[in-house]
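In what follows, a single structure is set out as structure tokens and then discussed.
The values are calculated or read from the model by the stated rules, or taken from the named source; none is laboratory data. Owing to the predicted nature of the structure, the values given are computational and were not obtained by experimental measurement. All Cβ positions, glycine included, derive from the backbone under ideal geometry; neighbour counts span all protein chains shown. These area figures cover heavy atoms from the full protein model, side chains too; ligands, DNA and RNA do not enter into them. Shrake-Rupley method; radii C 1.70, N 1.55, O 1.52, S 1.80 Å.
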Amino acid sequence: MLQDKPLIKKDVVIIGAGAAGLMCAIEAGKRGGSVLVLEHMNKIGNKIRVSGGGRCNFTNINLRPDHYLSANPHFCKSALARFTPGDFIGMIEKHGIAYHEKEEGRLFCRGTSGDIIRMLSQECLSSGVQTLLNCSVVGITKSDLFHISINSCGIEAGSLVIATGGLSYPDLGATDTGFRIAKQFGLKVTKMKPALVPLVFGQGDLKKFAELSGLSLDARVTCGRKQFTGKILFTHRGLSGPAILQASSYWDAGNEVAIDLMPGVDSCGLLISHRQSRIELANLLSQYLPRKFSHRWCELQAPSQPLCRYNEKQLRDIAYQIHHWTIRPAGTEGYKRAEITAGGIDTDELSSKTMEAKKVPGLFFAGEVIDVAGQLGGYNLQWAWSSGFVAGQYV
Ligand SMILES: Cc1cc2nc3c(=O)[nH]c(=O)nc-3n(C[C@H](O)[C@H](O)[C@H](O)COP(=O)(O)OP(=O)(O)OC[C@H]3O[C@@H](n4cnc5c(N)ncnc54)[C@H](O)[C@@H]3O)c2cc1C
């Protein structure tokens, strides 16, 4: 029981020592309040550590609000404008962290993600923030103040920030705690699904393409009205690679995914210009696609023979197939392999200026726990920095 345990008093308690929670803590600490971060794992920033393949794609200088998926596409705008990629870059430059730009505005550490975690730790220390690791939240109640019961003690706080992230990668600490707390306080949570996640073939396609596992090619992937160009990768269960991960955030069970296997190539013109040629179809396609893929594709779609043996209609049909390969995935690889969770705390429940719950004064949310999901490319960490920063100004 809460009353049997020692009682700590804090101005602000933050649950979750990830990107959003730590940024919020730093800002709240700078404003002079006493701040305590509760983390149930034995380290802070587990997802930061693995992000960007260990080099942390910490932001994107081409950021626009339409890089985010949310039931309310306007919600993210205010926070992203108040703490921008430039602001985060300023912070890492102040700490002397070397970084570089990769494709499409993505910024990565030159060293490792550990540089960012050390920076956040140092900033927390100089803002007087305390962090409690290996700490389980047992229960929360609210009167004037929040009463947070943890394994070892009770804590009273004027403001409570939920920065517990999404449901993906449970091994790194993901839990549904944030969503349960929201529901406890009568806040709506939107439908959630794994996003930025590999897609899984149905049985038929799995048999057809299993032998291509490990092979990648450049393609344009369309899901609903969204289109992404980039690598696709055949896995032993289905498809992955950046263009597939991007499309997966817009995919719902039962939908088709259309894949253009030779984007930007006029394959109809190419095939027709070789109409008199004795070159085999699979060999011609191998000049544009991985050899193993083009041979397998021909076995399945258009048995390979010299181009001169096809009539024009057949060549036009083959060209169409190349640009319109459609699959109906059986599912995704789920939260275990999803980079993020799409959906979350309904943005209608929150002020976009402060991240505070409209119905529950003093209760704030920040980061991926909110129904704002970024595309691949550093957008998710930037949302965590921006929403954490904003919440930190008002707690
Ligand atoms: C493999 C991988 C690679 C990624 N790479 C990138 C990338 O390069 N760029 C990018 O922008 N995004 C990337 N992301 C996404 C990005 O890491 C997240 O969107 C971002 O970290 C979310 O920050 P957050 O603070 O909201 O949540 P999190 O970072 O998930 O932090 C939540 C914290 O809350 C803690 N917690 C949960 N429940 C409790 C509880 N009950 N009590 C106490 N603590 C609790 C967790 O342990 C965790 O420390 C990647 C994600 C994954 C999984």
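Any chance you could run the full-extension gain for Gln305 through Tyr320? It's 0.36 nm times the residue separation minus the Cα-Cα distance, nm to one decimal. Numbers along the way, then the final one.
Numbers: separation 15, 0.36 × 15 = 5.40 nm, distance 1.77 nm.
Between Gln305 and Tyr320, full extension yields an extra 3.6 nm.
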In the stretch 1-75 the accessible area split gives carbon plus sulfur, as whole percent at 1.4 Å, a share of 53 percent
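Restricting to DSSP H runs of at least four residues, report the calculated mean residue ellipticity at 222 nm for the chain, -39500 (n - 2.57) per run over all residues, nearest 500 deg cm²/dmol.
-8500 deg cm²/dmol
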Return the sequence-ordered ³J(HN,Hα) values of the stretch 82-89 in whole Hz as given by the Karplus equation 6.51 cos²θ - 1.76 cosθ + 1.60 applied to θ = phi - 60°, using x for Gly and Pro. 8, 9, 9, x, x, 5, 5, 4
Output wanted: per-residue J couplings in Hz (rounded whole) for the stretch 175-181, from phi through Karplus 6.51 cos²θ - 1.76 cosθ + 1.60, θ = phi - 60°, x for Gly and Pro. 9, 9, 3, x, 6, 5, 5
Taking square-rooted eigenvalues a ≥ b ≥ c of the alpha carbon gyration tensor, is the stretch 1-44 rounded, prolate or oblate, where a/c under 1.5 means rounded and, failing that, a/b exceeding b/c means prolate? oblate
Between Val50 and His95, what is the spin-label point distance in nm, taking each point 7 Å from the Cα along the Cα→C-beta axis? 2.1 nm
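Kindly identify the stretch 153-198 as rounded, prolate or oblate by the Cα gyration tensor criterion: order the square roots of the eigenvalues as a ≥ b ≥ c, call it rounded if a/c is under 1.5, otherwise compare a/b with b/c, prolate if a/b is larger, else oblate.
Working: a/c = 3.07, a/b = 1.63, b/c = 1.89.
Because a/c hits 1.5 or more and a/b fails to exceed b/c, the stretch 153-198 counts as oblate.
I need the calculated FRET efficiency for the pair Arg118 and Glu256, taking r as the beta carbon distance and R₀ as 41 Å, to the nearest 0.05. Could you put the intermediate results ahead of the total?
Details: r = 45 Å, r/R0 = 1.11.
E(calc), rounded to 0.05, equals 0.35.
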Give me the one-decimal nm value for the distance between modelled label points at Gln184 and Thr141, 7 Å along each residue's Cα-to-Cβ direction. 1.1 nm
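Is the shape of the stretch 82-224 best called rounded, prolate or oblate, per the rule: a/c under 1.5 gives rounded, else a/b larger than b/c gives prolate, else oblate, with a ≥ b ≥ c the square roots of the Cα gyration tensor eigenvalues?
Note, shape of the stretch 82-224 comes out oblate.
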In the stretch 310-395, carbon and sulfur make up what percent of the accessible area (probe 1.4 Å)? 48 percent
Rounded to whole Hz and in sequence order, give me ³J(HN,Hα) for the stretch 202-215 from the Karplus expression 6.51 cos²θ - 1.76 cosθ + 1.60, θ = phi - 60°, writing x for Gly and Pro. x, 3, x, 5, 4, 4, 5, 10, 3, 6, 8, 3, x, 8
Placing one equal point scatterer on each C-alpha of the stretch 279-360 and summing with Debye, one gets log10 I(q)/I(0) at q = 0.14 Å⁻¹ equal to -0.65
